[in-house]
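These notes are about the structure you will find just below.
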Amino acid sequence: MTDWLDKDKKNIWHPFTSLTDETHPILITSASGIYLHTHDGRKIIDAVSSWWTNLHGHSNPHIAKAIANQANTLEHVIFAGFTHEPAIKLSENLLTILPKNQSKIFFSDNGSTAVEVGVKMALQYWYNKGTPKKKIIALRGAYHGDTFGSMSVGERSIFTDPFSSHLFAVDFIDFPTEENEQAVFAHFKTIVDSTDVAAFIVEPLVQAAAGMRIYSPGLLDRLFFYAQTKDVLCIADEVFTGFGRTGKLFASDYLVNKPDIMTLSKGLTGGSMPLSITTCSEKVAEAFETDDFLKTFFHGHSYTGNPLACAAANASFELLMREECQQSIWRIASMHNQFKEDIKHHPAIKEARSLGTIVALELKNEEETSYSNSIRKKIYSYFLEQNILLRPLGNVIYIVPPYVISKDELTTIYQAIKKFLNSL
Ligand SMILES: Cc1ncc(COP(=O)(O)O)c(C=O)c1O
């Protein structure tokens, strides 16, 4: 097996990983439920749902069967000028659960491209209407992906520094807290009133990569309301928050004022296949309903609407809609909430927060809260030694488990975290 790892080291460039990283990646040979099975016989709890994608457990038999059946029928077909049942069925399934104002489904392959599509759709909406507006408003601390457009609408950071001169300018407003709500709203209003604003993009209720920072639906609703009154398109990036992560099916379900455009990925296929979707309201679609060829939305990828991924998404949707799954989501939410209450006064904790199936603990140390906080490595290796995969965001430890996690398994993770905090 070390032979495989040597070949890996020689050939493969892993994401978010330095090429001089001394540590070997862990070789996974299979996975089932919440467990990753390593080549040397270890069973690691996937407490982060493999980058927040997995909902129903690894190698889920219902999803696996749907992919296998589809692979034997139609694996892929060009999606311009052609279509297929899995994509049509998925569009129908999604439209039954998305906010009622959503009316069109556009496919791509990952969260970043879903955002890219959403931003392009918003900008072209104004171009097609003959009043090209340029400005985009985003939240400080935002992370929307790694392509140029999605980097542009995100916070400038160590991730974006090498490309900073190539990113387009965006107007950022502060991340809302109880203390700054009025100031944030006033700043937002000033920018929106400047008339050239095309769109406002947010990760609704939770800024994931920024450290699972949670904010209230109240202010977001006010911001959406004001933006929409002034004809600014609102984009909800639900790549992370979609499909039950926040307790409700979508974070937008907590809002009265619904987004004009939504982006979805991660949980869409239950963590099994790469797929993403950008949806929009009839109002947005109308600007593209024209015989003028030059107003076509010229965007697409080779694997757009891949039938295997759509079949996986339909199977995941069926599991998600089962009563059993919805109950698991609420069970996890209530356990997380209790854990947060129990732990929040621990001397090592600066802030504990939870929403739905997400719980996050921001640790105190002499450094600032950030992705590069040096405690990150210590946390990561400590928990891996306990056979728990927790991939902290700097000094923020969080749990985002697959929904099939049992009460006992979740308790095991909580206890391991308590033990770690007591050791600090
Ligand atoms: C809110 C949000 N948007 C977009 C992305 C980018 O998704 P992907 O990694 O699939 O490109 C992420 C990834 O973490 C995300 O959290």
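The values are calculated or read from the model by the stated rules, or taken from the named source; none is laboratory data. None of these values were measured; they are calculated from a predicted model. Here Cβ is always computed from backbone atoms with ideal geometry, including for glycine, and neighbour counts include all displayed protein chains.
Key figures for this structure:
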quantity	calculated
Per-region count, segment 383-413, residues assigned to a helix (DSSP H, G or I) and surrounded by fewer than 19 Cβ atoms within 10 Å (Cβ to Cβ)	7
Top-ranked residue in segment 196-226 [being in contact (Cβ under 8 Å) with a residue 60 or more places away in the chain and farther than 24 Å from A352 by Cα; ranked as nearest to the ligand (Cβ to nearest atom)]	I201
Lone qualifier among I343, I375, I349 - being more than 30 Å from L320 (Cβ to Cβ), surrounded by fewer than 21 Cβ atoms within 10 Å (Cβ to Cβ), hydrophobic (A, V, I, L, M, F, W, C) and at pLDDT 95 or above	I349
Pair list, Cβ under 8 Å, 6 or more apart: segment 138-150 residue touching a residue at least 12 places away in the same chain (Cβ under 8 Å) and within 18 Å of M262 (Cα to Cα), other residue in a helix (DSSP H, G or I) and more than 11 Å from the ligand (Cβ to nearest atom)	G149/V119; G149/K120; S150/V119
Any hit, segment 92-99, residues being farther than 22 Å from V239 by Cα and loosely packed, with under 13 Cβ neighbours inside 10 Å	no
Enumeration of residues in segment 157-178 that are within 16 Å of the ligand (Cβ to nearest atom) and either small (G, A, S) or without any contact (Cβ under 8 Å) to a residue 12 or more places away in the chain (or both)	S157, T160
Test: residue in segment 390-401 that is farther than 27 Å from G141 by Cβ and touching a residue at least 24 places away in the same chain (Cβ under 8 Å)	no
Matching residues in segment 83-123 - criterion: being away from the ligand (no atom under 16 Å from the Cβ) and touching a Leu at 6+ places or on another chain (Cβ under 7 Å)	H84, I97, Q102, I105
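Matching residues to (1) over 25 Å from M212 (Cβ atoms); (2) surrounded by fewer than 15 Cβ atoms within 10 Å (Cβ to Cβ):
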residue: A287; (1), (2): yes, no
residue: D291; (1), (2): yes, yes
residue: F297; (1), (2): yes, no
residue: A311; (1), (2): yes, no
residue: N314; (1), (2): yes, no
residue: I329; (1), (2): no, no
residue: R353; (1), (2): no, no
residue: L361; (1), (2): no, no
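For every residue, the table says whether it meets (1) among the aliphatic types (A, V, I, L, M); (2) within 12 Å of A47 (Cα to Cα); (3) touching a Leu at 6+ places or on another chain (Cβ under 7 Å).
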{"site": "K364", "(1), (2), (3)": "no, no, no"}
{"site": "R376", "(1), (2), (3)": "no, no, no"}
{"site": "G394", "(1), (2), (3)": "no, no, no"}
{"site": "I397", "(1), (2), (3)": "yes, yes, yes"}
{"site": "I413", "(1), (2), (3)": "yes, yes, no"}
